[in-house]
Amino acid sequence: MKVPSYAEMHPMSSVLSKPVFSPLLPTFEMMADAIHGSQSVQISAPASIEGMLCMAHLEAACIDLKKKYVRRFFLPKHFRARDEPVTHPPHQCDLSILVNPEEETWSIDGLSKIEDEINLVPVEMELFFEQSSAKKRGAIDCVTLSALLANFLAASSHIVRRLQSTMLLGQWLRTTLDHGPNPMYSMLVDVLQEDGLIRCVPMVEVEVLETSMFEDFPQRRFNKLKTRWEHLDRDEKAQALSELLLPMLEHRGLSTQRFEELAFRRILRGDESTDLMSQLSILQHHWPTNQDTLVLHVSTQLDFVLKTGQLIDINEATG
C-alpha cells in the first residue's frame, strides 16, 4: 500500500500550487519529513533584514505545527572582515535549518538534507509561465524559499498566510533588480495579487508614502496632485502622474523596473496605510550599524513581525 506524501495529506495553498513552483515540491517534501521527524529544530540565519524575514516565515510554521525550535543568528557579510569566513552557530537540536541568503546561487539538487542539517540558499531554476511557452532562468532567493516552505508546512496557518506577501522583499533586496528586468519578482507580484494577498496601486494612492528611494523627489508637486487625484478620471490620472515623473527620469538613480514599481505598483496589504516598500525603507533606515546591538535588535524586530505581520509599527511611523 502506497504511503501518501506530505503534500497529499496536507493540501497546498493556491500560491504554492502554481506550476512555476513545481520543481521545488520534491525538495520541500524531503524537508517537511525531516522537520516532522525531529524533536526540535534550530533555525540559524544572518542578523540581516533578509535573515530576519527568512526566520519569521520558518518560525511561523513551527509555531503553527507546535514544533519546538530555537533561533540563532550569525554575523552578516558586511560585518565581517573581507577574508573572514562565516561562523555558523553550533547545533543544539536534532535538526538544524541553516539559512544563508548571502551564499552563491545553488542548483535545486544542492538543497538536499545532509545528515542533521537542511540548507536554504538561493537556487537557480527555470521559470515556466502559464500565459507563455517561453522559459526563463531565474534565482529564487532565501526569503521566497522560506515563505514557500512555510506555506508547504502550514498552508492553513493564519500567521503563515499573513506573512506570505513579504516573500516579495527577498527579490526586492537582490541586486538583480538593478541590472534589468527581474521576471521572478514580477511573477511573485502577479501570484500574490491573484491570491488576494496584495493589491498594487500607484504611489499617489498610498496614504503614508516613503519617497526617499527617489532622487530629488518633487514633494510639493506630488502633494498638489494628491489633493486633486480623486477628482481625475483614469486618463487624467495617467497623464498627471507621467508629467510628475518625467523630469525624474533623467536623474532617477534607479533601474527601470525599480522606478516603475515604486511609481506605479506600490504593494498594499489589507487596510494598511503604508505600502510594503515604504515599510522596508523605514526598516532599513533604522537598521543597526553597530555590531554590539545588532542581534538584540534583530530578535526584537523578529518578535514584532511574528506578532503583527508588519515590518514596522505603522501607527508610530505615521503618528
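The values are calculated or read from the model by the stated rules, or taken from the named source; none is laboratory data. Since this is a predicted model, take the numbers as computed values, not measurements. For neighbour counting, all protein chains shown are included, and Cβ atoms are generated from backbone atoms with ideal geometry for every residue, glycine included.
Some notes on this structure:
- Taking residues in region 17-28 that are in contact (Cβ under 8 Å) with a residue 60 or more places away in the chain and part of a helix (DSSP H, G or I), and partners anywhere that are surrounded by fewer than 21 Cβ atoms within 10 Å (Cβ to Cβ) and among the charged types (D, E, K, R), the pairs with Cβ atoms closer than 7 Å and at least 6 places apart or on different chains are P19/E130.
- Taking residues in region 278-294 that are within 18 Å of G170 (Cβ to Cβ), and partners anywhere that are basic (K, R), the pairs with Cβ atoms closer than 9 Å and at least 6 places apart or on different chains are S278/R266.
To keep it simple, each residue is scored yes or no on (1) surrounded by 14 or more Cβ atoms within 10 Å (Cβ to Cβ); (2) among the hydrophobic types (A, V, I, L, M, F, W, C); (3) not in a loop (DSSP other than H, G, I, E, B).
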{"site": "W172", "(1), (2), (3)": "yes, yes, yes"}
{"site": "L192", "(1), (2), (3)": "yes, yes, yes"}
{"site": "D216", "(1), (2), (3)": "no, no, no"}
{"site": "D235", "(1), (2), (3)": "no, no, yes"}
{"site": "P247", "(1), (2), (3)": "no, no, yes"}
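- With respect to the conditions (1) in a helix (DSSP H, G or I); (2) within 19 Å of the chain's Cα centre (by Cα); (3) modelled with pLDDT under 95, T293 lacks only one, and its number is (2).
- Note on region 174-187: among residues that are part of a helix (DSSP H, G or I) and among the polar types (S, T, N, Q), the one that is surrounded by the fewest Cβ atoms within 10 Å (Cβ to Cβ) is T175.
- Residue in region 78-92 that is under 25 Å from S157 (Cβ atoms) and surrounded by 15 or more Cβ atoms within 10 Å (Cβ to Cβ) present: no
- Among the residues making up region 156-170, a single one is of a type in the set (D, E, K, R) and surrounded by fewer than 19 Cβ atoms within 10 Å (Cβ to Cβ): R162.
- Residue in region 45-65 that is part of a helix (DSSP H, G or I), modelled with pLDDT of 95 or more, in contact with a Pro (Cβ under 6 Å, 6 or more places away or on another chain) and closer than 27 Å to I159 by Cβ present: yes
- Qualifying residue in region 129-151 (condition: at pLDDT 90 or above and in contact with a Phe, Trp or Tyr (Cβ under 7 Å, 6 or more places away or on another chain)): yes
- Looking only at residues of region 84-114 that are in contact with a helix residue (DSSP H, G or I) (Cβ under 9 Å, 6 or more places away or on another chain), outside any loop (DSSP other than H, G, I, E, B) and of a type in the set (A, V, I, L, M, F, W, C), we find that the one that is farthest from M55 (Cα to Cα) is I108.
- Within region 255-267, tally of residues that are among the hydrophobic types (A, V, I, L, M, F, W, C) and surrounded by fewer than 19 Cβ atoms within 10 Å (Cβ to Cβ): 2
- First in region 238-259 and among the basic types (K, R), second anywhere and in a helix (DSSP H, G or I), Cβ under 9 Å, 6 or more apart: R252/L245; R252/R258; R252/F259; R258/W172; R258/L177; R258/D178
- The single condition among (1) modelled with pLDDT under 95; (2) under 30 Å from P247 (Cα atoms); (3) among the charged types (D, E, K, R) that E205 does not meet is (1).
- Any hit, region 307-316, residues being assigned to a helix (DSSP H, G or I), modelled with pLDDT under 90 and closer than 16 Å to S48 by Cβ: no
- Selection status of D116, in contact (Cβ under 8 Å) with a residue 12 or more places away in the chain, touching a His at 6+ places or on another chain (Cβ under 7 Å) and surrounded by fewer than 16 Cβ atoms within 10 Å (Cβ to Cβ): yes
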